[in-house]
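Enquirer: Take a look at this one; I'll ask things after.
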Amino acid sequence: TTYASNASTITKTRAVSGATVLIGIATILPRDNGTVNGSAFETVRQAYNTLVRANTAGADFIVDLAADPTMGPQAAAADSTLYVSALHPTARGQGIDAQVYATAINALG
């Protein structure tokens, strides 16, 4: 559902803006290492990330946060130096995420 919504947003944005806007899409980071949402979230996260990587939504670039070896693994959510409450990235985690975003954007040239 989320991916379909994102694809729809990309299509609508292209219709309004033409080629004047670059549109990116990102994979989803882990949450709570299964302690709250259990394996169900991880299963959905992996399915969503597979769709993003295939880029059937037609984004101009992909930010593959989940592929980052520090932030992306499911176990990373349990690291309090990376995630607050096993959900939101800490300042350190945000810095790592920013580097992943910068790499994706810089690859555009």
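Enquirer: For the range 51-109: of the residues being more than 12 Å from the chain's Cα centre (by Cα) and of a type in the set (D, E, K, R), which is modelled with the highest pLDDT?
Expert: By that ranking, first place goes to Arg92.
Enquirer: Counting only residues that are among the hydrophobic types (A, V, I, L, M, F, W, C) and not in a loop (DSSP other than H, G, I, E, B), which one in the range 51-61 is least open to solvent (accessible area, probe 1.4 Å)?
Expert: Applying the first criterion (among the hydrophobic types (A, V, I, L, M, F, W, C)) to the range 51-61 yields 51-52, 54, 57, 59, 61.
Subsequent filtering for residues that are not in a loop (DSSP other than H, G, I, E, B) retains 51-52, 54, 61.
Working: Leu51: 77, Val52: 0, Ala54: 65, Phe61: 33 Å².
Checked the range 51-61; the qualifying residue least open to solvent (accessible area, probe 1.4 Å) is Val52.
Enquirer: Filter the range 62-84 down to the residues that are within 13 Å of Pro30 (Cβ to Cβ), surrounded by fewer than 20 Cβ atoms within 10 Å (Cβ to Cβ) and among the hydrophobic types (A, V, I, L, M, F, W, C) and list them by number.
Expert: Ala67, Ala75, Ala78
Enquirer: I'm checking my understanding of the structure. Among residues of the range 81-109 that are part of a loop (DSSP other than H, G, I, E, B) and of a type in the set (Ser, Thr, Tyr), which one is nearest to Phe41 (Cα to Cα)? Write out each step before concluding.
Expert: Applying the first criterion (part of a loop (DSSP other than H, G, I, E, B)) to the range 81-109 yields 81-82, 85-87, 90, 107-109.
Of the ones still in play, those that are also of a type in the set (Ser, Thr, Tyr) are 81, 85, 90.
Details: Thr81: 22, Ser85: 16, Thr90: 21 Å.
Filtering first and then ranking leaves Ser85.
The values are calculated or read from the model by the stated rules, or taken from the named source; none is laboratory data. Predicted, not measured: the structure shown is a model, and the values here were computed from it. Cβ: placed from backbone, ideal geometry, glycine included. Neighbour counts: every protein chain shown. SASA here: full protein model, heavy atoms, side chains in, ligands and nucleic acids out. Shrake-Rupley method; radii C 1.70, N 1.55, O 1.52, S 1.80 Å.
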